[in-house]
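One structure is given below, encoded as structure tokens.
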Amino acid sequence: MSELGKKGEIGAIGLRIDAIISHFRINARILADRIAMSTGSVSELRHGKMALSASTARTISLAFGVSEEWLTTGQGEMFMGGSPPVLHPARAAPVAPRSPAAEAGDIRISELITKTIRVLESATVYRTALASNIHAFAQAVEAESRIVTMDAELAAQRAEMAAIMDRLARIEDKQATYTAGRAAA
């Protein structure tokens, strides 16, 4: 992935990110949410500890209406078209209304795949947010699958342990009976 800005320019990019935060009167968490990035990464960008990638510059540009050229080089107008956009309430993505079919639990996989492809092919911040969510959900599903497997293995081990304990109790009973019989003789 190409990175924008030389070592000396990274701090200047941080100042421009601070200008975006200041202009829109938001905090770093809101900026991070809107561009689907961790607050730690935003902090690293702001403090010159991380270079700005081309894809992150594009995402910031789309999310806040700032010029990529201004963001990466400091040249030109801050905002595309010269005037700032009006931001909607601070959230990373709009919440889609649930359809009656979705409320009823009727999930049409082909419809979801078509919509997902449309979002992933778009040049919007929603593309980045959806990709991040897909990765997170895939990791969660994989983790849940591992937990189910581990639970099954644990149940099998507990059953085996119970059988061993049962055999041990029978052996101890036989040992006690044998010992009592020898003592009586």
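The values are calculated or read from the model by the stated rules, or taken from the named source; none is laboratory data. If you're wondering where the values come from, they're calculated on a predicted model, not measured in any experiment. Here Cβ is always computed from backbone atoms with ideal geometry, including for glycine, and neighbour counts include all displayed protein chains.
If you check Ala96, Ala101, Ala138, which single one turns out to be out of contact with any Pro (no Cβ under 8 Å at 6 or more places or on another chain), at pLDDT below 85, exposed (fewer than 11 other Cβ atoms within 10 Å of the Cβ) and of a type in the set (A, V, I, L, M, F, W, C)? So the residue among Ala96, Ala101, Ala138 that is out of contact with any Pro (no Cβ under 8 Å at 6 or more places or on another chain), at pLDDT below 85, exposed (fewer than 11 other Cβ atoms within 10 Å of the Cβ) and of a type in the set (A, V, I, L, M, F, W, C) is Ala96.
A quick yes/no check of all residues on (1) surrounded by 10 or more Cβ atoms within 10 Å (Cβ to Cβ); (2) over 30 Å from Ala57 (Cα atoms); (3) hydroxyl-bearing (Ser, Thr, Tyr):
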position	(1), (2), (3)
Val125	yes, no, no
Ala131	yes, no, no
Ile134	yes, no, no
Asp151	yes, yes, no
Glu172	yes, yes, no
Ala183	no, yes, no
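Taken together, Leu112, Leu130 contain a single residue that is in contact (Cβ under 8 Å) with a residue 12 or more places away in the chain and either in contact with a helix residue (DSSP H, G or I) (Cβ under 7 Å, 6 or more places away or on another chain) or within 29 Å of Asp33 (Cβ to Cβ) (or both), which is Leu130.
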